[in-house]
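Notes to accompany the following structure.
Just so it is clear, none of the values below were taken in a lab; they were calculated from the coordinates. A quick note: this is a predicted structure, and the numbers were derived from the prediction, not measured. Cβ coordinates were reconstructed from backbone atoms using ideal geometry, including for glycine residues, and neighbour counts include every protein chain displayed.
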Amino acid sequence: MKQSLLIFLLSAVIGLAGGYTYFHFANKEPAKEQPTATEQSNETSTEQKDTTVSSKEGEIFKQKGCISCHAISKLNVQGGTTGPDLSNAYVEVEEKHGKPIDEFLKEPTSAVMSGVIKSNPLTDEERKAIVQALKVASEK
């Protein structure tokens, strides 16, 4: 009995550590090379333009409270860390939940999002704005 319990606990610790390690390092992007001074000035002006566009695109997430749990880093929208970053949700939701993001937002298949959408439903216009913003984010 003691040996079985010990094996179970050891397996659980190893499994959790392995899962943590995988998810911690799986989404890391490789480091970029240092840009030249000319490239930096071009990037700065581009980033300033993107920030303006991003804040406009990210506004719907702020209005609907999505950022209390989610960030959308590709749109420069900072938010909570409880839920995943939505930068690639346009593609990943269909892979993970078997339906396009538009349908997922109508009828979520995750327990958490089902409760969120039920208590804070989206209008057709809001859903379209969110889908469009997530599409833009996925293309960046």
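Please arrange LEU16, LEU122 by how many other C-beta atoms lie within 10 Å of their C-beta, fewest to most.
Working: LEU16 10, LEU122 16.
Neighbour counts put them in this order, fewest first: LEU16, LEU122.
Each residue of the range 123-131 in order: what ³J(HN,Hα) in whole Hz does its phi give by Karplus 6.51 cos²θ - 1.76 cosθ + 1.60, θ = phi - 60°, with x for Gly and Pro?
6, 4, 5, 5, 4, 5, 5, 5, 4
Pulled fully out, how much extra length does the chain show between VAL112 and GLU125, if you take 0.36 nm times their separation in residues and subtract their Cα-Cα distance? Write down the numbers at each step before the final one.
Details: separation 13, 0.36 × 13 = 4.68 nm, distance 2.24 nm.
Additional length available on full extension: 2.4 nm.
Using Cβ counts within 10 Å as a stand-in for footprinting exposure, how do VAL112, VAL93, VAL136 rank, fewest first? Working shown, then result.
Working: VAL112 11, VAL93 23, VAL136 17.
Sorted ascending by nearby Cβ count, the order is VAL112, VAL136, VAL93.
Provide LEU105, LEU134 in ascending order of the number of other Cβ atoms located within 10 Å of each residue's Cβ, fewest first. Each step should come with its number before you reach the end.
Values: LEU105 21, LEU134 27.
Ranked by crowding around the Cβ, least crowded first: LEU105, LEU134.
With only Lys, Arg, Asp and Glu charged, each at its Cβ (+1 for the first two, -1 for the last two), find how big the charge dipole of the range 74-137 is about the Cα centre; round to the nearest 20 debye. Walk me through the numbers on the way to the answer.
On the way: 8 positive and 10 negative charges, 16 e Å.
I would put it at about 80 debye.
Looking at this model, which pairs from LYS56/LYS99; LYS56/LYS128; LYS56/LYS135; LYS56/LYS106 are more than 19 angstrom apart at the alpha-carbon? Please list the in-between numbers first.
Details: LYS56/LYS99 27 Å; LYS56/LYS128 14 Å; LYS56/LYS135 14 Å; LYS56/LYS106 23 Å.
Cα-Cα > 19 Å for LYS56/LYS99; LYS56/LYS106; rest within.
With an 8 Å Cα cut-off and a minimum separation of 6 or more residues, compute the relative contact order for the range 70-131 in percent.
Values: 54 pairs, mean separation 12.8, N = 62.
RCO, the range 70-131: 21 percent.
I'd like the Karplus ³J(HN,Hα) series for the range 79-92: coefficients 6.51, -1.76, 1.60, θ = phi - 60°, whole numbers in Hz, and an x wherever there's a Gly or Pro.
x, x, 10, 5, x, x, 5, 8, 4, 10, 5, 4, 9, 5
What is the set of long-range amide H partners of SER87 at a cut-off below 5 Å, with H atoms built 1.01 Å from backbone N?
The answer is SER73, LYS74.
For the range 7-12, in order, what is each residue's ³J(HN,Hα) by Karplus, 6.51 cos²θ - 1.76 cosθ + 1.60 with θ = phi - 60°, in whole Hz (x at glycine and Pro)?
Going residue by residue, I get 5, 4, 4, 5, 5, 5 Hz, with x marking Gly and Pro.
Using a Förster radius of 30 Å, what is the FRET efficiency between GLU95 and ILE7 based on their Cβ-Cβ separation? Nearest 0.05, please.
Working: r = 35 Å, r/R0 = 1.16.
My answer for the efficiency is 0.30.
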